[in-house]
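Just so it is clear, none of the values below were taken in a lab; they were calculated from the coordinates. For clarity, every value in this text was computed on a predicted model and none was experimentally measured. Cβ coordinates were reconstructed from backbone atoms using ideal geometry, including for glycine residues, and neighbour counts include every protein chain displayed.
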Amino acid sequence: MLKKPEANEYAPYYKAYVNSVPEGDLLEILAGQNKETVKLLKDLDDEQAHFRYAPEKWTIKEVIGHITDTERIMAYRLLCISRGETAMLPGYDDNEYVKNANFNRFPINELLEQLSIVRQNTITLVKSLEEEALLQRGNANGTEVSARAIAYIIAGHELHHRSLIINRYMSAESYSQGAGK
């Protein structure tokens, strides 16, 4: 079973993500998270899916697209580092990615399907790696990180954004009053 990474295996910025992942089998956690996120969001109507809890904040559709894009990027980093890549892997500007993706044009169920496919690919990748590969370290966005830390960051990132959807979007008074409820 994959153990949580040590604090020296990732940048301090990711501490909250890693710490938010519960103890247990990470592969089961990753699979369960995806089911919970899809269950939470699959029945949103278009008005709800386009809701922003504040001006300039992403819509729920954009949050789902962001989670998916980030997981794609992190899984690529995990693959590279687990295979011994020594070149620095680039960072990315998540706001630019969301802006340029136009996630709002997609039905929510299509975005959730993409998220599920990407998550299944991540699970398959992690499952295929031996412990030695997961302990490999590389450089992503200018900081040292281990492959196993990236796997935990992926899980923690989704948990973070699902929590924001529940606590800032779905709990907003304007969501419950004017977004199809």
Go through segment 117-131 residue by residue and turn each phi into a ³J(HN,Hα) via Karplus (6.51, -1.76, 1.60, θ = phi - 60°); whole Hz please, and just put x for glycine and proline. 5, 4, 4, 4, 5, 4, 4, 4, 4, 4, 4, 7, 8, 7, 4
Could you name the lysines whose alpha carbon sits less than 17 Å from that of LYS99, not counting residues in the same chain fewer than 8 places away? LYS57, LYS61
Suppose a student asked you for the relative contact order of the chain, using Cα pairs under 8 Å spaced at least 6 residues apart; what percent would you report? 39
Sorted from fewest to most neighbouring beta carbons within 10 Å, what does the list LEU111, LEU78 look like? LEU111, LEU78
Sequence-distant residues sharing a close amide H with ALA140 (under 5 Å, placed H): LEU89, VAL145
Grab the eigenvalues of the alpha-carbon gyration tensor for segment 35-181, scale each by 5, take roots, and send me the semi-axes largest first in whole angstrom. 32, 15, 12
Once the Cα atoms of helix 26-41 and of the chain are each reduced to a long axis, what angle between those two axes, in degrees from 0 to 90 to the nearest 10, is obtained? 10
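Arrange the following residues from fewest to most other Cβ atoms within 10 Å of their Cβ: LYS57, LYS4.
LYS57, LYS4
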From phi via Karplus (6.51, -1.76, 1.60), per-residue ³J(HN,Hα) for segment 8-22 in Hz, x at Gly/Pro: 7, 9, 7, 5, x, 3, 8, 4, 5, 5, 4, 5, 6, 6, x
Could you name the lysines in cross-link range of LYS3, using Cα to Cα under 25 Å and dropping any fewer than eight places away on the same chain? LYS15, LYS35, LYS127
For the chain, the longest principal axis of the Cα atoms and the Cα long axis of helix 147-164 enclose an angle in degrees, to the nearest 10, of 10
Provide GLU130, GLU47, GLU85 in ascending order of the number of other Cβ atoms located within 10 Å of each residue's Cβ, fewest first. GLU130, GLU47, GLU85
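What percent do you get for the relative contact order of segment 127-181 when only Cα pairs under 8 Å and 6+ apart count?
Computed over segment 127-181, the figure is 17 percent.
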Treat every Asp and Glu Cβ in the chain as -1 and every Lys and Arg Cβ as +1, leave all other atoms uncharged, and give the resulting dipole magnitude about the Cα centre to the nearest 20 debye. 100
